[in-house]
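First the structure, in the form of structure tokens, and then the observations on it.
The values are calculated or read from the model by the stated rules, or taken from the named source; none is laboratory data. Note that this is a predicted model, so its numbers are computed, not measured. Don't worry about glycine lacking a Cβ; one is built from the backbone with ideal geometry, like all the others, and counts go over all protein chains shown. Just so you know, the surface numbers come from the protein's heavy atoms only, side chains and all, with ligands and any DNA or RNA stripped out. Shrake-Rupley method; radii C 1.70, N 1.55, O 1.52, S 1.80 Å.
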Number of protein chains: 2
Amino acid sequence: MKSINSVAVVGGTHGNEFSGIYLLRQWQQNPQRITRDTFTTQTLFANPKAHEENKRYVDSDLNRQFAVEDLANPELANYEQSRAKVMNEILGPKGNAKTDFIIDLHNTTSNMGPTLIVLQSDDFNIKMGAYVKARMPEAVVVFEDQIPLADHKFVSSIAAQGVIVEIGPQPQSVIRQDVLDWMDAMTGHILDFVDLYNQGELPALPETYEAYRYTETLKLPENAKGERIGMVHKHVQDNDFKPLHGGDPIFTLFDGTEIHWEGHYEAYPHFINEAAYYDNNLAMSLAEKITVTL
Amino acid sequence: MKSINSVAVVGGTHGNEFSGIYLLRQWQQNPQRITRDTFTTQTLFANPKAHEENKRYVDSDLNRQFAVEDLANPELANYEQSRAKVMNEILGPKGNAKTDFIIDLHNTTSNMGPTLIVLQSDDFNIKMGAYVKARMPEAVVVFEDQIPLADHKFVSSIAAQGVIVEIGPQPQSVIRQDVLDWMDAMTGHILDFVDLYNQGELPALPETYEAYRYTETLKLPENAKGERIGMVHKHVQDNDFKPLHGGDPIFTLFDGTEIHWEGHYEAYPHFINEAAYYDNNLAMSLAEKITVTL
């Protein structure tokens, strides 16, 4: 892999996830906090209009607009679709990007703690996970490498390398100090890692570490008309990254009926009851636990 | 006090506080759950348009529109101001209301647990607090009786008696089972109490109980331009109804400076870092702890 010469830190991709937006402001006033010797760092406030309206998005989810074919489609012209094309100009173009590495900052209402979501399981990302966990033991690493990076529709898929920093629990439209501090710390460790990786001077890292690999997404219970008829079971609520087995209660219908999970593997729910996912009636993501070997 | 013949249970006064809205739907299908022998019960979905838009309000906060002079002012004609006039027709008119008692259902992003907010410290409300706490030991009772009921601008001030059921923590636009169950249980206990009070058949209640009385509201730190420059201190976050003393850290500025509270009494913060209060840059409410005597 060629070295990382150009890094972009993106905040406010979702307008009601405040931590990244507030950190960008601080870093713009004190750029040395995100500057390292071996690369340039730029910041980008992705969706200022959604933030102004205190919403996740104005017309459609900005973090689902970066499929190559959508970026090339002139008929996709709503606010976020237009904004995606502009961001692709600034940071990309996707497939041949002037930016080498993107860190996209997000909050979740789910109890996920400080989570690093990586989109590829190559040497760079595997070592980044090890480095961040060594510096920040409460950090969780999730591999969303079920499809090639080019096929992801995320902001962080514009560059050849990209990650998502996803911190919770934080309600929409609020700043929590613990969550802000976690995001600041994790971003700092990632930038330190890139600098050391560029220099070939990584410290000794553990030979293996525990992480998660995305497997599937579960929907909230619906009736035949597509109306929501139940909620996440109280035994699952807040238990992000705790094991779930076949037969465990997973949903409670509004009539009191308990629904049990019918899966056949040890699953690790995350993004449990994330507010933003109600748009699509999603209940949670599942992962399997993996041991990553360096 | 004359007996309570007519009760209204109001949900969805704020469109992104989901628990009341979902409970109303369940109760409308099973009206016996909110019916008692000595009074009639009606339900009212206060702000359907805000819920459709998944927002607290469309134009202005519906739960601040019930001042008598505002209800009489024909120039106040935005959506919530109009909706308030319609609700005052249905439940009121304020000052001479056909509804005797209103229960208004709310969620908060703050860690307040199941909280009963009463607006008057008369025999009815004092005994209600004792009854609800006896049935639900985790319940908290807050007296917001610093002004006469008629001067409150809340939905629940339309009738001669009214309370707010305020349950958290719950992010906006989400259903949590624990919060839904608390709201269902507290509303049931209130309805039971009214029925027993009407019959003069209240069970033995403790002679005293612990409660809180609202004292003041604190703003988030601002600069001279009115811009937010800090956040709730991490030692205060989530510590609703825990004591705060003069000199305790209360805010952290974004530059790292800690701000200490300068009050001269033992205060009990609540509505700490409530998302909806950012509109007015409010940080929290304070109360003093009181012993209520029956």
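Below, the figures for the structure above:
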quantity	calculated
Options B:Leu44, B:Leu24, B:Leu76; residue that is hydrophobic (A, V, I, L, M, F, W, C) and in contact with a helix residue (DSSP H, G or I) (Cβ under 6 Å, 6 or more places away or on another chain)	B:Leu76
Set B:Val163, B:Val155, B:Val141, B:Val194: member being touching a residue at least 60 places away in the same chain (Cβ under 8 Å), crowded, with 20+ Cβ neighbours inside 10 Å, more than 15 Å from the chain's Cα centre (by Cα) and closer than 29 Å to B:Pro93 by Cβ	B:Val194
Condition met for B:Ser60 (open to solvent by less than 60 Å² (accessible area, probe 1.4 Å) and in a loop (DSSP other than H, G, I, E, B))	yes
Any hit, the range A:186-195, residues being of a type in the set (A, V, I, L, M, F, W, C), in the same structural domain as A:Asp279 (by TED's automatic domain parsing) and under 24 Å from A:Lys127 (Cα atoms)	no
Failed condition for B:Lys234, given (1) open to solvent by 30 Å² or more (accessible area, probe 1.4 Å); (2) more than 14 Å from chain A (Cβ to nearest Cβ); (3) not polar (S, T, N, Q)	(2)
Options A:Ala185, A:Ala224, A:Ala211; residue that is on the phi < 0 side of the Ramachandran plot and loosely packed, with under 12 Cβ neighbours inside 10 Å	A:Ala224
Subset tally (residues that are β-branched (Val, Ile, Thr) and open to solvent by 10 Å² or more (accessible area, probe 1.4 Å)) for the range B:122-138	1
Count of the range A:237-253 residues which are more than 10 Å from chain B (Cβ to nearest Cβ), under 15 Å from B:Arg176 (Cβ atoms) and of a type in the set (Asp, Glu)	1
Test: B:Leu71 is touching a Gly at 6+ places or on another chain (Cβ under 9 Å) and either among the hydrophobic types (A, V, I, L, M, F, W, C) or under 30 Å from A:Asn281 (Cβ atoms) (or both)	yes
Pairs, first buried (at least 21 other Cβ atoms within 10 Å of the Cβ) in the range A:91-105, second among the aromatic types (Phe, Trp, Tyr) and in a loop (DSSP other than H, G, I, E, B), C-beta under 7 Å, six or more apart	A:Lys94/A:Phe66; A:Asp104/A:Phe154
Among (1) closer than 30 Å to B:Gly15 by Cβ; (2) in contact (Cβ under 8 Å) with a residue 24 or more places away in the chain - the single one A:Leu286 does not satisfy	(1)
Test result for A:Gly168, within 12 Å of the chain's Cα centre (by Cα), modelled with pLDDT of 95 or more and assigned by TED's automatic domain parsing to the domain that holds A:Leu23	yes
Some residue of the range B:208-224 being among the aromatic types (Phe, Trp, Tyr) and in contact with a helix residue (DSSP H, G or I) (Cβ under 9 Å, 6 or more places away or on another chain)	yes
Given (1) within 14 Å of another protein chain (Cβ to nearest Cβ); (2) assigned to a strand (DSSP E or B); (3) exposed (fewer than 12 other Cβ atoms within 10 Å of the Cβ), index of the condition A:Gly256 fails	(2)
Qualifying residue in the range A:101-110 (condition: more than 28 Å from A:Gly188 (Cβ to Cβ) and in contact with a Phe, Trp or Tyr (Cβ under 8 Å, 6 or more places away or on another chain))	no
Residue match in the range A:207-229 (condition: within 11 Å of chain B (Cβ to nearest Cβ), under 19 Å from A:Ser110 (Cβ atoms) and free of Cβ contacts under 8 Å to residues at least 60 places away in the same chain)	yes
Enumeration of residues in the range A:280-292 that are of a type in the set (Val, Ile, Thr) and either modelled with pLDDT under 95 or open to solvent by 90 Å² or more (accessible area, probe 1.4 Å) (or both)	A:Thr291
Residues of the range A:72-94 classified as assigned to a helix (DSSP H, G or I) and closer than 13 Å to A:Asn47 by Cβ, total	8
Filter result (part of a loop (DSSP other than H, G, I, E, B), more than 14 Å from chain B (Cβ to nearest Cβ) and either open to solvent by less than 40 Å² (accessible area, probe 1.4 Å) or touching a residue at least 24 places away in the same chain (Cβ under 8 Å) (or both)) within the range A:3-53	A:Ser3, A:Ile4, A:Asn5, A:Gly12, A:Thr13, A:Asp37, A:Thr38, A:Ala46, A:Asn47
Test: residue in the range B:262-272 that is within 10 Å of chain A (Cβ to nearest Cβ), open to solvent by less than 30 Å² (accessible area, probe 1.4 Å) and not in a strand (DSSP E or B)	no
Of all residues in the range B:152-176 being within 14 Å of another protein chain (Cβ to nearest Cβ) and part of a loop (DSSP other than H, G, I, E, B), the one that is nearest to B:Ser121 (Cα to Cα)	B:Pro169
Residues within the range A:256-278 that are over 15 Å from A:Thr215 (Cα atoms) and in contact (Cβ under 8 Å) with a residue 12 or more places away in the chain, tallied	9
Contacts under 9 angstrom Cβ, first residue in the range B:58-71 being β-branched (Val, Ile, Thr), partner in a helix (DSSP H, G or I), 6 or more apart	B:Val58/B:Lys49; B:Val58/B:Ala50; B:Val58/B:Tyr79; B:Val58/B:Glu80; B:Val58/B:Arg83; B:Val68/B:Ala150; B:Val68/B:Asp151
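Each row is one residue, and each column tells you yes or no for (1) closer than 24 Å to B:Arg83 by Cα; (2) more than 14 Å from every other protein chain (Cβ to nearest Cβ); (3) part of a loop (DSSP other than H, G, I, E, B).
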site	(1), (2), (3)
B:Asn96	yes, yes, yes
B:Ile102	yes, yes, no
B:Ile117	yes, yes, no
B:Ala150	yes, yes, no
B:Asp178	no, no, no
B:Met183	no, no, no
B:Phe193	no, yes, no
B:Glu201	no, yes, yes
